[in-house]
Amino acid sequence: MRSSNTMNFLMGIYILVFFTYLFGPLIIMSFTAFNSAEFPAITPWECFSFRWFNEGKIAYDGQHLAGLFTDWRLHDGLISSLIIGAGVVCLSVPIGMAAAIVLTQVKSQLRDIYYSISIMPVLFPGVIIGISTVVLWDRIAGLGGGGFISDVGRNGIFLTILAQTCFISTYCFLIFVARLQRFDQTQEEAALDLGATQTQVFFKILIPYLAPAIASAAVIAFLASFENYNTTVFSILSDQTLTTVIASKVRLGISPALSALALTIIALTVIAAVTYEVLRRRQERKYIESQEEFVKEKAASSRVNKEYKARLKIPKGIVALILLVIIGSYVATQVVKNDLYGNSCIEAADIIKKSKFLDQLQTLESNQLSDEDLQGGSLGGNQDYGDIFGDPTLFQDFGGFD
Amino acid sequence: MSAGVELKDVSVTFGSFFAAKNVNVKIEGGEFFSFLGPSGCGKTTLLRAISGFQDPSEGQVLIDNKDMLGIGPNKRPTSLIFQNLALFPLMTVAENIAFSLEVRGVSKPERMKRAGELLELIALEGQGDKKVHQLSGGQKQRVAIARALAVEPKVLLLDEPLSALDLKLRQRMRTELREIQKRVNITFIYITHDQGEALTMSDRIAVMNEGELEQIGQCDDVYNNPLTPFVATFVGENNPLFGKIKDLSGDEAKIETSDGVFISSIDKSTNLNVGDEAISFVRPESLFMVKDGNDYKNKLSVKIENIEFEGNVKNFYASLYSGSKIKFSVANAIDTSEIEASSQIELCFDTSKSIILPKGALATE
Ligand SMILES: Nc1ncnc2c1ncn2[C@@H]1O[C@H](COP(=O)(O)OP(=O)(O)O)[C@@H](O)[C@H]1O
Ligand SMILES: [Mg+2]
C-alpha cells in the first residue's frame, strides 16, 4: 500500500516535470506575445497589448518593429510555404501510394531491397538533398539556354517542392505500407471476379480503402513541408518561406512578433487536433450505436430483451470552457484595474524608457575618452588590437567580399 | 443458363511442387459437383484455375466447351465465393450485391431493383441499407451468395463457404444452398474438406488427394465402392484389415490377415493377384455383434477398450488379437448395456459389406 503510494507520488512528479519540460517554453513564449516590451520577456512586464499581433511598434529609439499583421516578409514567406506545401502534397501522396502498392506486388527477395531503397531518402541529411537538388537543376537550367527550362530550374519554389518531395514521399510511403499490410487482397480478386476491370478495382476498392491513409499522408506531408528548414534553406534560392524568414529574423534579434506567430500556430494546431478528435469520437459513437442497435435487434428476436440505460455524462469540455472563462475574466479585470492595458500604459512606459535612453546617450557623450586612455588606460579595450589594421600582410590572402 | 465445365489434364505447379496434377473431370451443366479432399490437397488451386485467377501450367479449362486460355476472371461466366467471403466492408449490403452491375454500367434504379430481388431470394428483404459488419455470420454468407448470383453466372464456384459457421447454422445452410441451386438452376462447383457437406448436397463428388483426383462418382457410389484406400478412409470411416490375397473367385476374394481369414467383395477392375498385399475395409456400422459366430464366414474376436456415446449411435473402440484397433458403432436403439470396457466379444460382417483394395496410403486425420 505504502509503496504504491510512493510510486504514485513519484509518477506524479515525473509527469509534472515531463509536461513542464514539454510545454513550459511554449507557455512562457505565449505570454511574451502579449507584453508590449520590445524584447520578448515576461519580466519586466510593461503593458498588456495585442500590438505584436497587429501593427508592431516604432520603438523609442526610432527602430521600426513590425507586428504579425503588418510584416510583409512573413506574409510572403507564408504564401510561399503554403504553395510549396500544396505542391509537396500533390506530388508526395501519389508517389508514396504508388511505391507502396508496388511493394505489395513484389513477392521475392527483391522485396527487402526495394523496401530499403524506398526508405533511404529519410536517412539522408536534408541539407544534402537540398544542395544536390540545386546542383542538378543548375546544370539542367544551364543546358536549357535562356528559355522556360532555365527559368524553372532556377525557381526556388519549384526546386523546394522537388527537394522536399524526395524525402516526404517516403513518409507517405510508410503510411501507405502500414495500411496496405492490413488489406485483404481477396477483395481485389472478388471485384475482378464480379467483372470489374483493373481500373475499376483501383478506384472502387483500393482507393476507398486507402482514403484514411490518403488523408493522413496529406496532413503529414503538408506539415513536414511547412516546418522544413534544412532542405529548404538551400533549395529556396532567392525566395523565402516562413521558416527561412523566421530564421533570418532570429539572426537579427528576436522580436515578440515571433512569439505572436508561434502562439498563432500553436492555437491553430490545437484547434485542428481537437476538431479531429471530436469528429473521430462522434464517428466512433455512431459505429457503436449501430452495433448496439444490431445487438438489440438480435436480443429482441431471441426474446432476451435487455434494458439499455442511457448514462448521464458530464461534458468535460464544457466544464473546462467555463473554468477558462472565469479565469480569463478575472485576469482581464485585474489588468484593467491596474492600468496595465491600453495606450496610456504604453505611453507612460515609453516615456520612462526614452528618458533612460537619453540619459545613457548623455553618459556616453560625457564619457568621451582621450586617445591616451584608449592606448594604455586601465580600460584595456582596444590597446592590444590597436595595430591590427596597420599590419599590411593581414589581408594579403583575402579575396575580398564578392 | 448453366454451363458445363471440363478440365483436361490440368496441372498446376508452384516451382517444382504439383498443387494439382493431371486432373481430368467433366462437370455437366446444372450439376451440383463437389471436390472433396483434406486441407492442402489443391482444391482452392483447382477452383482458381477454373475462375481464371491461376493459369494451369498444363492442360485446358473448358467452360461451355470453350477454351478459357487467356480469358481473365472478369470475362469468364463464373462467379467465385471466397473462403473468407471477401465482402466489401465499406459498402452497404445492397451495394455489395449490386457491385457486379455497377461495374457493368447498369443504372442505379435498375441496380437497386435487382439487389432487392436478390435480397428476397436470400430472405434478407429490406436489409439492403445495412453495413456488412451489422450482419451475422449466416447473413454474410447469404449476401456473398447473392452478390455472386447478381452477375447471373453460368457456373458458381464455392470455396468452403460454410467452414466459418457453427454446426447448426452449417447444417441449415446446406439445405439452403441446395435449394438456391435448384431455384437458379446453374452449375455449382463446391469445395470442402467436410465429407458430410459433400455427401448431403452434391449430385457427384470428386475425391482429391495431394493434387490428384482419386475417384469421381455419385455420393453413394463413392461411399459404398471406394476405389482406393485413401477414398475408403477419407469418405466416412473405415477399419482396415491388412493382409495378403489367398484366393480370387469372381467378385469375391479371400484375404489372410493376422486376425484370421476373411472373404470380402472385390471390384473386377482391381488388378490383384493371389499373394499380393491388400487391405479389406469394413465400416464401423457394418460390424455387428453375435452370441455365436459359427454361422458367419467373417468373424473377429475383440476386446472392448473404450465406449463413446454419441447420441444416435454408440461407438465402441476395441483391439484385435494382433493388437490393431477397430471401431464399430451400434444404433442407440439397440440395448448394449451388458457390454463394458474389457469385455471380450465376437464381431461379424457380411462379405458384401466389406471391400478389398490394393495396399496404399490411408487418409490420416
Ligand atoms: N501461390 C502459391 N505459391 C506456392 N504454393 C502454393 C500457392 N498456392 C497454393 N500453394 C500450395 O498448394 C497446395 C494446395 O493449396 P490449396 O489449393 O490452397 O489447398 P486447399 O484449398 O485444398 O486447402 C498447398 O500445399 C499450398 O501450400
Ligand atoms: Mg482452400
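The values are calculated or read from the model by the stated rules, or taken from the named source; none is laboratory data. What you see is a predicted model; the values in this text were computed from it and never measured. Cβ: placed from backbone, ideal geometry, glycine included. Neighbour counts: every protein chain shown. Only protein heavy atoms, including side chains, enter the accessible area calculation; ligands, DNA and RNA are left aside. Shrake-Rupley method; radii C 1.70, N 1.55, O 1.52, S 1.80 Å.
Before moving on, here are some points about what is shown:
- Estimated at 0.36 nm per residue, the fully extended path between A:Gln283 and A:Gln360 surpasses their Cα-Cα distance by 21.3 nm.
- Angle between chain B longest axis and helix B:137-149 axis [Cα atoms, degrees, rounded to 10]: 60 degrees
- Per-selection Rg to Rh, the protein assembly as shown - Cα, Kirkwood hydrodynamic radius: 1.19
- Dipole moment magnitude, nearest 20 debye, region B:6-105 about Cα centre, only Lys, Arg, Asp, Glu C-beta charged: 120 debye
- For region B:311-360, the list of GluC sites (Glu not before Pro) that fall in a loop by DSSP and count at most 13 other C-beta atoms within 10 angstrom reads B:Glu338, B:Glu340.
- Each of A:Tyr114, A:Tyr21 has its accessible area taken with a 1.4 Å probe; listed largest first, they run A:Tyr21, A:Tyr114.
- For chain A, the longest principal axis of the C-alpha atoms and the axis of helix A:156-181 are separated by about 30°.
- Within chain B, antiparallel bridges make up roughly 75 percent of the DSSP beta bridges whose residues both belong there.
- Per-residue mean of C-beta atoms belonging to partner chains within 10 Å, peptide A:183-190: 6
- Mean-square fluctuations from a GNM of chain A, with a 10 angstrom spring cutoff on Cα atoms, peak among A:Arg111, A:Arg154, A:Arg182 at A:Arg182.
- Positive-end residue, region B:229-358 charge dipole about Cα centroid, Cβ charges, pick of B:Ile326, B:Ser249, B:Thr233: B:Ser249
- Within the listed set B:Gly217, B:Gly15, B:Gly243, the residue fluctuating most in the Gaussian network model of chain B (springs between alpha-carbon atoms under 10 angstrom) is B:Gly15.
- Under 17 Å from the A:Thr197 label point (7 Å along Cα→beta-carbon), backbone N, region B:70-98: B:71-76
- Among the chymotrypsin sites (Phe, Trp or Tyr not before Pro) found in region A:48-96, those both in a DSSP coil and sparsely packed, with 16 or fewer other Cβ atoms within 10 Å of their Cβ, are A:Phe50, A:Phe69.
- Dipole magnitude for chain A: computed about the Cα centre from +1 point charges on Lys and Arg Cβ and -1 point charges on Asp and Glu Cβ, it is near 3000 debye.
- Farthest positive-ward along the protein assembly as shown dipole, Cα basis, beta-carbon charges - from B:Val12, B:Ser265, B:Leu69: B:Ser265
- Distance between the 7 Å Cα→Cβ label points at B:Ser16 and A:Ala98: 4.0 nm.
- Estimated vicinal HN-Hα couplings, Hz - region B:275-284 in sequence order (Karplus 6.51, -1.76, 1.60; Gly, Pro = x): x, 6, 6, 8, 10, 9, 10, 10, 7, x
- Extreme residue, positive dipole direction of region A:72-254, given options A:Tyr115, A:Ala163, A:Phe183 (C-beta unit charges): A:Ala163
- Residues of type lysines that A:Lys57 reaches as a straight line, Cα spacing below 19 Å, ignoring anything fewer than 8 places off in the same chain: A:Lys249, A:Lys353, A:Lys354, A:Lys356
- Computed E for B:Glu252/B:Ile334 - FRET, C-beta separation, R0 30 angstrom, nearest 0.05: 0.55
- Long pairs among B:Lys21/B:Lys327; B:Lys131/B:Lys154; B:Lys246/B:Lys314, criterion Cα-Cα beyond 30 Å: B:Lys21/B:Lys327; B:Lys246/B:Lys314
- Counted without the sites themselves, the longest stretch of chain B free of trypsin sites (Lys or Arg not before Pro) in a DSSP loop having at most 10 other beta carbon atoms within 10 Å is B:1-267.
- Using the Cα coordinates of region B:5-111, the gyration tensor eigenvalues translate into equivalent-ellipsoid semi-axes of 29, 17, 13 Å, sorted from longest to shortest.
- Range of Cα positions in chain B per principal axis (Å), largest first: 78, 47, 33
- For region A:30-78, fraction of C-alpha pairs farther apart than 12 Å, in %: 62 percent
- Highest mobility in the GNM of chain A, judged by mean-square fluctuation with C-alpha springs under 10 Å and restricted to A:Gly144, A:Gly67, A:Gly12, is found for A:Gly12.
- Rounded to the nearest 10 degrees, the angle from helix A:72-105 to the longest Cα principal axis of chain A is 30 degrees.
- Simple spin-label estimate for B:Arg104 and A:Ser3 in nanometres, 7 Å along Cα-Cβ: 7.2 nm
- In a simple Cβ point-charge model (Lys, Arg +1; Asp, Glu -1; nothing else charged), region B:5-224 has a dipole of about 780 debye relative to its Cα centre.
- Listed residue pairs exceeding 21 Å between alpha carbons, taken from B:Lys268/B:Lys353; B:Lys303/B:Lys325; B:Lys8/B:Lys66; B:Lys108/B:Lys130; B:Lys75/B:Lys182: B:Lys75/B:Lys182
- By the Cβ distance rule (another cysteine Cβ under 4.7 Å), the unpaired cysteines of chain A are A:Cys90, A:Cys166, A:Cys172.
- Region A:3-17 - phi-based ³J(HN,Hα) in whole Hz, Karplus 6.51/-1.76/1.60, Gly and Pro as x: 5, 5, 5, 4, 4, 4, 4, 4, 4, x, 4, 4, 4, 4, 4
- 19 Å cut-off, amide nitrogen to a point 7 angstrom out along B:Lys75 Cα→Cβ, residues in region A:191-225: A:191-202
- Relative contact order [Cα under 8 Å, 6+ residues apart], region B:129-219, whole percent: 22 percent
- Within 10 Å of the Cβ of each residue in B:78-90, the mean number of Cβ atoms contributed by other protein chains is 4.
- FRET efficiency for A:His75 and A:Val319, using Cβ-Cβ distance with R0 set to 51 Å, rounded to 0.05: 0.85
- Relative contact order for region B:247-365: 35 percent, from Cα pairs under 8 Å spaced at least 6 residues apart, divided by residue count.
- Whole-Å semi-axes of the ellipsoid equivalent to region B:229-358 (Cα gyration tensor, √5λ, descending): 26, 15, 13
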